[in-house]
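J.: Mind looking over this structure? Questions follow.
The values are calculated or read from the model by the stated rules, or taken from the named source; none is laboratory data. Everything quoted here is computed from the prediction, not taken from an experiment. With ideal geometry, Cβ positions are generated from the backbone for all residues, glycine too; neighbour counts draw on all protein chains shown. To get the accessible areas, we keep the full protein, side chains included, count just its heavy atoms, and leave off ligands, DNA and RNA. Shrake-Rupley method; radii C 1.70, N 1.55, O 1.52, S 1.80 Å.
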Amino acid sequence: MDKRKFYITTPIYYVNDKPHVGSAYTTIAADALARAHRLRQIPTYFLTGTDENSQKNLEAAAKAGVDDLQAYLDSMAEVWKRTWRELGISFDDFIRTTEERHHRGVERFWRAVEKSGDINKATYEREYCVGCEEFKTPTDLLDGKCPLHPNRPLEKVSEENYFFRASNYKQQLLDLYRDKPEFVQPQSRQNEIRSYVESAFDDLSISRESKKLSCGIPVPGDDSQRIYVWFDALINYMTAVGYGTDDEMFRKWWPASLHLVGKDIIKFHCALWPAMIMSAAKSDGLLQAEDGSALLPERVYAHGFFTIDGQKISKSLGNAVDPLDLAKKYPFDAVRYFLLREIPFGEDGDFSTKRLEERYASDLGNRLGNLVNRVIAMSAKYFDGKVPQTDVEAAGEGMDDTVWDGAEGLAGLWSEAEKHIEAARLDLLLDQVWNSDGASLTAANKLVEQTQPFKLFKEDPEKTAIVLYALLEACRQYAWMVEPIMPNVANGIIRQLGQDPDVEKAKGIEELKKWGGLVPGTELHPGEVLFPRLIS
Ligand code: ME8
């Protein structure tokens, strides 16, 4: 197994609706983390896709008046794929659970679980919430209703189905949480999962009678039953990288490095999914590590939920924000910045265009955009359109009587950035680049105020060259620090500094981090407006 690889996934989304700012949030976070790893030249595979064997989709197709379910699924999957493309999401693969490659992998997985002795038939009576696509026990309900979908009547299901003996894996799951606490992220969710497994995790029905449910993958060897949508959906993370079709590819990418999900589906990812793999691995060597243990995903990270102007995003309230509309109104990099910056990753928060516009003006326009514009414009004006000629090493020193820590301060920012990327905390990375002491954007702006290069030039051109070189070089480094979050802005800065972003990227992150990447005498290209005034 190549240790230096990064396989990241988003949930596969239901296609009963088009993307909104919530699904965009997860997808943008995954995109930024994928870009951060690619920038570090770590082989990266970024997967997203659509969850199509769901009753919800069936209902949505009927509501839309489309008789041909496959035609509905095809057109909606295209809407999702196109939206992500238009927003510049850099996914490597888009899986649909109606694809042949997925069905083949699901069949192999089912057979493995069956062979392990963990599938049996039983009759039972229970209530099913289509909103959650989940069976509910009496303790899950509030006044006899699903607390998440109180307006949806529960379906009473009484039939003979296949069951997965999930309870066989209770202890192994608890051991997993104890031995590898990082499996469940953020840490604040670990107790929730542990107590769920201790108290409520039980055998579950993993099929429905085909005559009652016209969507879903048929149970291998028994067409009269169809596989429960979550049991099939989770396996997408494997089928996309070749499980059931391409063992070599599977060995290359599995296990997933990070499943990024919303907090609503953490139980499925942190309990059911590893239990399924533990079972299948007993009978399928491809799912085993060298020591025979099951190859489980390395981490699941559950982020929080967005409200819109304080309200839950919902169809009935009609408040779902279409990310494509946001992209028409704002430079999309600014939306990415806002989403990833505003809320500590893992916590709930509110999406408000007022806050977005405030941050656009203050963080991006005033602090980043102005700094880059001023520093490049001054350098161009005083130094013949070029990066000033100066002693690069000397320019890397901290400056007396100022807040500026120089190259050392920037190196400190980089080492913190690496930790934040590893922990998937891009909010902290951004906060630090903007606000920390020493060499952040705040410090750089202060340095301009403290040294006043536009006055200093008359008295001391040599010192001005040092100050402006330091600031230009800092802008170059900021660009690479924020590149995963704002790729277009970063490229714009690099181009204004007279460099080719692709050529620079190819040098590798260690080179990009080094003080002095900007060569004195390089021709600058001022003028590109990074954050244009918003049209209201
Ligand atoms: O659950 N805030 O699909 P889904 C933040 N098909 N994130 C949000 C959000 C909000 N308000 N609303 C949705 C499913 N999300 C299954 C997944 S995976 C094998 C199967 C995001 O279309 C968040 O990531 O209901 C959440 O987990 C996901 O959309 C749910 O998408």
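J.: Taking the stretch 79-95, which residues are over 21 Å from I235 (Cβ atoms) and either within 16 Å of the ligand (Cβ to nearest atom) or among the hydroxyl-bearing types (S, T, Y) (or both)?
T.: Result: V79, T83, W84, L87, I89, S90.
J.: Related question: Check the stretch 107-115 and report whether any residue there is within 15 Å of the ligand (Cβ to nearest atom) and either open to solvent by less than 30 Å² (accessible area, probe 1.4 Å) or over 30 Å from F338 (Cα atoms) (or both).
T.: Scanning the stretch 107-115 turns up at least one residue that is within 15 Å of the ligand (Cβ to nearest atom) and either open to solvent by less than 30 Å² (accessible area, probe 1.4 Å) or over 30 Å from F338 (Cα atoms) (or both).
J.: Can we say D203 is within 13 Å of the ligand (Cβ to nearest atom), acidic (D, E) and surrounded by fewer than 18 Cβ atoms within 10 Å (Cβ to Cβ)?
T.: Numbers: within 13 Å of the ligand (Cβ to nearest atom): no; acidic (D, E): yes; surrounded by fewer than 18 Cβ atoms within 10 Å (Cβ to Cβ): yes.
Spelling it out, it is not the case that D203 is within 13 Å of the ligand (Cβ to nearest atom), acidic (D, E) and surrounded by fewer than 18 Cβ atoms within 10 Å (Cβ to Cβ).
J.: Let me ask something else. So which of W434, W404 ends up being aromatic (F, W, Y), outside the structural domain of Q185 (by TED's automatic domain parsing) and closer than 28 Å to S90 by Cα? Break it down stepwise before answering.
T.: Values: W404 fails: closer than 28 Å to S90 by Cα.
Just a single option satisfies the conditions, and that option is W434.
J.: Could you go through the stretch 377-388 and let me know if any residue there is more than 23 Å from the chain's Cα centre (by Cα), at pLDDT 95 or above, on the phi > 0 side of the Ramachandran plot and surrounded by fewer than 16 Cβ atoms within 10 Å (Cβ to Cβ).
T.: yes
J.: Just name the residue that is surrounded by the fewest Cβ atoms within 10 Å (Cβ to Cβ) out of those in the stretch 142-186 that are of a type in the set (D, E) and within 20 Å of E298 (Cα to Cα).
T.: Looking only at the stretch 142-186, we keep the residues that are of a type in the set (D, E), and these are 143, 155, 159-160, 175, 179, 182.
This time we only want the ones that are within 20 Å of E298 (Cα to Cα), so: 175, 179, 182.
Values: D175: 11, D179: 8, E182: 12.
Among them, the one singled out is D179.
J.: Moving on. Check I421, I493 and return the single one that is of a type in the set (V, I, T) and more than 18 Å from V372 (Cα to Cα).
T.: Going through I421, I493 in turn, just one is of a type in the set (V, I, T) and more than 18 Å from V372 (Cα to Cα): I421.
J.: Would you confirm, using the coordinates I've provided, whether N370 is assigned to a loop (DSSP other than H, G, I, E, B), outside the structural domain of R178 (by TED's automatic domain parsing) and polar (S, T, N, Q)?
T.: So N370 does not fit the description; no.
J.: How many of the residues making up the stretch 128-141 are open to solvent by less than 80 Å² (accessible area, probe 1.4 Å) and more than 30 Å from A424 (Cα to Cα)?
T.: Number of matching residues: 8.
J.: Sticking with this one: Working only within the stretch 1-60, note down all residues that are near the ligand (Cβ under 9 Å from one of its atoms), assigned to a strand (DSSP E or B) and surrounded by fewer than 23 Cβ atoms within 10 Å (Cβ to Cβ).
T.: Passing the criteria: Y13, Y14.
J.: Something else: I need the full set of residues from the stretch 152-169 which are touching a residue at least 40 places away in the same chain (Cβ under 8 Å) and either more than 21 Å from K212 (Cβ to Cβ) or not in a strand (DSSP E or B) (or both), in order please.
T.: Within the stretch 152-169, R165, A166, N168, Y169 meet the criteria.
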